[in-house]
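Enquirer: Sharing a structure with you now.
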Amino acid sequence: MPFELKVQRPAVSRCSNCGKLINGPGIVVKTCCVNKPWVFCSKECYRQFLSKWTKNQDAAGGGRLRRGLG
């Protein structure tokens, strides 16, 4: 699961999701799969990324966590 980093000023000035320029501090998030932090312009952009990321993680796992339940 991605976790939010507390960074004063990100090195990247564009949103990793939509590409907009970031005027403020932005939201900086680190995932387990990508070695560099992702920067988002708003909570909405972060929410969109998180839903896509979660869907991809579920698809890649093939439902391994639920196999033992049935």
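Enquirer: Could you give each residue of segment 26-39 its phi-based ³J(HN,Hα) in whole Hz, using Karplus coefficients 6.51, -1.76, 1.60 with θ = phi - 60°, and x for Gly or Pro?
Expert: Taking θ as phi minus 60°, the curve returns x, 10, 10, 10, 10, 10, 6, 8, 10, 7, 10, x, 9, 10 Hz for segment 26-39.
Enquirer: Once fully extended, how much extra length lies between Cys18 and Val34, figured as 0.36 nm per residue of separation less the alpha-carbon to alpha-carbon distance?
Expert: 4.0 nm
Enquirer: May I pose another question? Could you state the accessible area per residue of segment 13-59 in Å², with a 1.4 Å probe and every protein chain left in place?
Expert: With the other protein chains kept in place, segment 13-59 gives 65 Å² per residue.
Enquirer: Amide H to amide H, which residues 5 or more places from Asn17 or on other chains are under 5 Å from it, using H placed in the peptide plane?
Expert: Cys41
Enquirer: Related question: Can you give the log10 of the normalised intensity I(q)/I(0) at q = 0.21 Å⁻¹, computed with Debye over equal Cα scatterers of segment 13-59?
Expert: Rounded to two decimals, the profile gives -0.69.
The values are calculated or read from the model by the stated rules, or taken from the named source; none is laboratory data. What you are looking at is a predicted structure, and each value in this text was computed from that prediction instead of being measured. When the accessible area is computed, the model is the full protein with side chains, heavy atoms only, and any ligands, DNA or RNA have been set aside. Shrake-Rupley method; radii C 1.70, N 1.55, O 1.52, S 1.80 Å.
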